[in-house]
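Below is one structure, written out as structure tokens; comments come after it.
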Amino acid sequence: MLAASWSRPVLLSVAAVLAAVLTGCSGADADGSPSGNPAASPQQQLGNAATISEGRVSLIQKLGETGPLRTLNVEVDGRWECVDCAGDGVTSTGALTPEQLARLQTLLADPGLTKETDQARQYRVTCLDALTSSLLTSSGLITSQDCPGEEQPPIAHEILLLLTQATPAEPTS
């Protein structure tokens, strides 16, 4: 169960991101009309719905088409909840250390993060059976895959490493 402070629109945005990113469902264009292009990036499909409030971050991971869905939500104060992060169906909770939280907030506030969104990079998922990691931030959706030759967005990759080192979430498949 998500923390009570997560609002219904945030939960709906996370659900929409999960549907678009991990199952390939089309969402809506930026103007709100249905996307007729299934190859469009998740950010293009979802329009402005693919963001959450400042200081919060969600990490959504899935290994290949059939792997379990892993979800990590981190609050502004550093409390986190990880649903099925180890692929064992267990929900874990905890909190980042003050140093981890300070680093996370610095990375989330970096203006360069907006250049790493799926929309800015015109990102397309390219690997099959790879671990797909999607960060949902106030800047937008940032997706990467653990596959050979894929260039990782540097700020988002630092956020991913910080989160996977501080929680049961996994950095690679």
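For this structure, a couple of remarks:
- Scanning the range 130-161 for residues that are over 14 Å from Glu116 (Cα atoms) and touching a Leu at 6+ places or on another chain (Cβ under 6 Å) returns Leu131, Asp146.
- Positions within the range 57-102 being of a type in the set (Gly, Ala, Ser), more than 15 Å from the chain's Cα centre (by Cα) and within 16 Å of Thr132 (Cβ to Cβ), in sequence order: Gly64, Gly67, Gly87
- Here Leu161 fulfils each of the conditions (1) closer than 22 Å to Gly55 by Cα; (2) more than 15 Å from the chain's Cα centre (by Cα) apart from (2).
- Of all residues in the range 138-173, those that are at pLDDT 95 or above, in contact with a helix residue (DSSP H, G or I) (Cβ under 9 Å, 6 or more places away or on another chain) and hydrophobic (A, V, I, L, M, F, W, C) total 7.
The values are calculated or read from the model by the stated rules, or taken from the named source; none is laboratory data. All values derive from a computational prediction rather than experimental measurement. Glycine gets a Cβ as well: all are built from the backbone with ideal geometry, and neighbour counts include every protein chain shown.
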